[in-house]
Amino acid sequence: MKISILTTAAVLLFAGGSFAQDDAMRQERMERKTEKKEQIEAQRVAFITNELKLESADSKAFWAVVNEFDAKKKAKAEEMKKREGGAKSKNIEELTDEQLAMNMQNRMEMKKAMLTLEQEYHEKYISTIGVRKTAEYYRAEEKFKRELLKNMRDRKGGAGAANRPAPGR
């Protein structure tokens, strides 16, 4: 009897230690992921600021608007996830037609809200840095994304354009 109690206690002790290690590893991964996101964001800011050749005052005002937009966009995305609830994780086959219709309607409403937000901030960008620099900003954003993806592909072992067959082959 004492042996089984001691065995059970030992198993629970080791299992608890294992869970603690898993939590520590999970926390470490989250910290690395957050750090990586911050590095990428810093690279983005530097890249775009350089591409637009923004002066210090313009840069400060412009990035305040961009950061405000990014925060609102993130909040809208979170709202969208909450509105969808667990329905998104279910298979379509598990949902009723009414649930599907409601989910699709909610998704369309959120897309409209996101577009309205983008239009609002487009106007703010123009009033902050002008039409030409706003157009250059959009181009620089896309250029940064392409370069970031290219760098990620190159780091992962070359799933880039050099390894893809030519179109039509």
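Looking at GLU55, GLU79, GLU84, GLU94, can you tell me which residue is of a type in the set (D, E, K, R) and modelled with pLDDT of 90 or more? After applying the criteria, what remains is GLU55.
Yes or no, residue by residue, for (1) part of a helix (DSSP H, G or I); (2) more than 16 Å from the chain's Cα centre (by Cα); (3) within 17 Å of PHE144 (Cα to Cα):
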site	(1), (2), (3)
GLU35	yes, no, no
GLN43	yes, no, yes
LEU54	no, yes, yes
ASP58	yes, yes, no
VAL66	yes, no, yes
ALA71	yes, no, no
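Filtering GLU31, GLU94 for residues that are farther than 28 Å from LYS145 by Cβ, without any contact (Cβ under 8 Å) to a residue 12 or more places away in the chain and of a type outside the set (Phe, Trp, Tyr) leaves a single hit, GLU94. Residues that are surrounded by 14 or more Cβ atoms within 10 Å (Cβ to Cβ) and either farther than 24 Å from PHE62 by Cβ or within 19 Å of the chain's Cα centre (by Cα) (or both) within region 122-142 comprise ALA140, GLU141, listed in sequence order. Checking each residue in region 143-152 for being surrounded by 12 or more Cβ atoms within 10 Å (Cβ to Cβ) and closer than 17 Å to ALA46 by Cα picks out LYS143, PHE144, GLU147, LEU148, ASN151. So, GLU98, is that one in a helix (DSSP H, G or I) and touching a Phe, Trp or Tyr at 6+ places or on another chain (Cβ under 9 Å) or not? Criteria not met by GLU98. Right, ALA64: within 30 Å of LEU100 (Cα to Cα) and out of contact with any helix residue (DSSP H, G or I) (no Cβ under 7 Å at 6 or more places or on another chain) or not? So ALA64 does not fit the description; no. The listed residues are GLN21, GLN39, and the only one of them that is in a helix (DSSP H, G or I), modelled with pLDDT of 90 or more and exposed (fewer than 12 other Cβ atoms within 10 Å of the Cβ) turns out to be GLN39.
The values are calculated or read from the model by the stated rules, or taken from the named source; none is laboratory data. All values reported here derive from a predicted model rather than from experimental measurement. Every residue, glycine as well, gets a Cβ built from its backbone with ideal geometry; the counts of neighbours run over all protein chains shown.
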